[in-house]
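The next block holds one structure in the form of structure tokens; read it before the comments.
The values are calculated or read from the model by the stated rules, or taken from the named source; none is laboratory data. No experiment lies behind these values; they were computed from the predicted model shown. Methodologically, a virtual Cβ is constructed for each residue, glycine included, from the backbone with ideal geometry; neighbour enumeration extends over all protein chains shown.
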Amino acid sequence: MRFWRQRRRFKGILQQLLKEPAAEIRSHIRHPDLSKSLSELPQEDAIAWIEIALSSPVVSEWGDLFYELDPSWEELDRWVCLSKEHCLAAVDALLRFAPSEFHNDESPARYPRGATNQNIHQLIDRAIARYDNHRLREAEKRIRHVWPLGELSRHPIVIHELIKQAAHILLRGDSLAVRRWIDELETAIDPPANAEGVWMNLLTYAERFDFIGIFHHRASSAVVVGRLRECRGSTDVPLDWVLLEVADGIGDEVVPAIALQLSHSKYSLVELDTQGSDWGLAIVPTHDTEGLIMVAEDCLRRPTAVKVHDDGANV
């Protein structure tokens with residue numbers, strides 16, 4: 001009895017929300033109560049509610065709500081043909097079945113119920129044919145890459161020998177990780193066109209798989225230390241993590257303290273310039289720092305790309 005009362009309550013909330021202006025409905029789509037209310041309904045009713053409530057502009061959260069209801073390929077395909085707004089939300093939902101581009105997710109792509117690589121390609125073909133726009137074209141690249149027909153296309157990538165050596169340093173001598181990075185480069189949707197692009201790709205890969213930390217320039221010291229502690233090999237490094245984690249201030253203020261603790265060990269702290277609002281840190285064996293400096297000076301022609309911190313000062 002309680003279950004049915006609860007379901008009626010959630011259904012009443014959703015029905016009342018449909019009476020509101022479209023802008024008011026959109027203001028609720030990020031609220032966890034909406035997702036909770038939809039999850040309490042039968043799947044068919046929940047999808048029908050989103051179908052009615054959806055309006056332009058179609059923010060990605062509409063696709064998130066649709067994805068959370070585990071739509072089948074037939075339901076995604078029907079939405080593609082329903083309207084431009086429903087098409088965009090369906091494509092956003094489909095992309096949620098793909099592994100994350102931004103985290104260390106090496107799991108294979110998942111499939112909506114009833115989907116195959118071929119009919120997924122047919123779905124995006126229909127979407128482009130009906131509502132060709134930049135947003136769908138960008139999604140198309142990712143979709144065809146995640147669910148390919150046959151082998152992924154490979155691009156001839158030139159990797160400077162110094163960057164290859166740096167990859168072995170930053171990826172802690174993990175040959176499998178280096179091979180996977182090169183494989184990602186060669187099959188990338190938009191492969192880098194020069195040494196700078198390859199280097200930045202390496203830093204992004206190393207961050208995704210917890211070999212280094214990359215931080216926003218306003219990140220706190222606690223965030224910086226916490227991320228470094230999560231990185232692979234952190235238990236081998238002679239740092240007093242507990243002491244460092246209570247440091248105040250923004251991230252770069254803790255750098256001298258880390259460097260000082262490492263100064264009598266076989267490790268050094270290396271700062272990595274990303275040429276943006278982010279910056280990176282890696283802890284590497286001291287004898288490997290010269291290899292990273294050579295990348296900055298001889299390959300990138302940008303000495304500031306790598307800074308080795310020694311005893312609290314830049315070398």
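Observations on the model:
- Filtering Glu24, Glu20, Glu40 for residues that are modelled with pLDDT under 85, acidic (Asp, Glu) and either exposed (fewer than 12 other Cβ atoms within 10 Å of the Cβ) or under 35 Å from the mean Cα position of the chain (by Cα) (or both) leaves a single hit, Glu20.
- Taken over segment 189-221, the criterion of being in a loop (DSSP other than H, G, I, E, B) and among the small types (Gly, Ala, Ser) is satisfied by Ala193, Ala219.
- Within segment 244-254, not a single residue is out of contact with any strand residue (DSSP E or B) (no Cβ under 7 Å at 6 or more places or on another chain) and assigned to a strand (DSSP E or B).
- Against the list (1) within 18 Å of Ala195 (Cα to Cα); (2) of a type in the set (A, V, I, L, M); (3) touching a residue at least 40 places away in the same chain (Cβ under 8 Å); (4) surrounded by fewer than 21 Cβ atoms within 10 Å (Cβ to Cβ), the condition Leu292 fails is (4).
- Scan of segment 126-141 for residues that are under 13 Å from Leu76 (Cα atoms) and either in contact with a Gly (Cβ under 8 Å, 6 or more places away or on another chain) or surrounded by fewer than 18 Cβ atoms within 10 Å (Cβ to Cβ) (or both), ordered by number: Arg126
- Among the candidates Asp273, Asp240, Asp310, Asp288, residue that is more than 28 Å from the chain's Cα centre (by Cα), within 16 Å of Ala206 (Cβ to Cβ) and either of a type in the set (A, V, I, L, M, F, W, C) or assigned by TED's automatic domain parsing to the domain that holds Ala195 (or both): Asp288
For every residue, the table says whether it meets (1) closer than 30 Å to Asp288 by Cα; (2) assigned by TED's automatic domain parsing to the domain that holds Val80; (3) acidic (Asp, Glu); (4) touching a residue at least 12 places away in the same chain (Cβ under 8 Å).
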position: Ala109; (1), (2), (3), (4): no, yes, no, yes
position: Asn119; (1), (2), (3), (4): no, yes, no, yes
position: Asp125; (1), (2), (3), (4): no, yes, yes, no
position: Arg130; (1), (2), (3), (4): no, yes, no, yes
position: Asn133; (1), (2), (3), (4): no, yes, no, no
position: Ala139; (1), (2), (3), (4): no, yes, no, yes
position: Glu151; (1), (2), (3), (4): no, no, yes, no
position: Arg154; (1), (2), (3), (4): no, no, no, yes
position: Ile169; (1), (2), (3), (4): yes, no, no, yes
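- Residues within segment 267-278 that are in contact with a strand residue (DSSP E or B) (Cβ under 9 Å, 6 or more places away or on another chain) and either at pLDDT 95 or above or under 17 Å from Ala166 (Cβ atoms) (or both), tallied: 8
- Condition check for Thr235: free of Cβ contacts under 8 Å to residues at least 12 places away in the same chain and more than 20 Å from Ser277 (Cα to Cα): yes
- Condition met for Glu207 (acidic (Asp, Glu), within 24 Å of Ile157 (Cβ to Cβ) and modelled with pLDDT of 95 or more): yes
- Taken as a whole, segment 180-188 holds no residue that is more than 19 Å from Ser100 (Cα to Cα), in the same structural domain as Ile283 (by TED's automatic domain parsing) and in a helix (DSSP H, G or I).
Per-residue answers, yes or no, for (1) surrounded by 15 or more Cβ atoms within 10 Å (Cβ to Cβ); (2) outside any loop (DSSP other than H, G, I, E, B); (3) at pLDDT 95 or above; (4) on the phi > 0 side of the Ramachandran plot:
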{"position": "Ser55", "(1), (2), (3), (4)": "no, no, no, no"}
{"position": "Phe66", "(1), (2), (3), (4)": "yes, yes, yes, no"}
{"position": "Pro71", "(1), (2), (3), (4)": "yes, no, yes, no"}
{"position": "Arg78", "(1), (2), (3), (4)": "yes, yes, yes, no"}
{"position": "His86", "(1), (2), (3), (4)": "yes, yes, yes, no"}
{"position": "Ala90", "(1), (2), (3), (4)": "yes, yes, yes, no"}
{"position": "Ser100", "(1), (2), (3), (4)": "no, no, no, no"}
{"position": "Asp105", "(1), (2), (3), (4)": "no, no, no, no"}
{"position": "Arg110", "(1), (2), (3), (4)": "no, no, no, no"}
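- Qualifying residues in segment 1-16 (those that are surrounded by 10 or more Cβ atoms within 10 Å (Cβ to Cβ) and over 27 Å from Glu74 (Cα atoms)) - the one modelled with the lowest pLDDT: Gln6
- Meets criteria (assigned to a helix (DSSP H, G or I), of a type outside the set (A, V, I, L, M, F, W, C) and under 27 Å from the mean Cα position of the chain (by Cα)) for Arg227: yes
- Residues within segment 198-222 that are crowded, with 21+ Cβ neighbours inside 10 Å and without any contact (Cβ under 8 Å) to a residue 60 or more places away in the chain, tallied: 4
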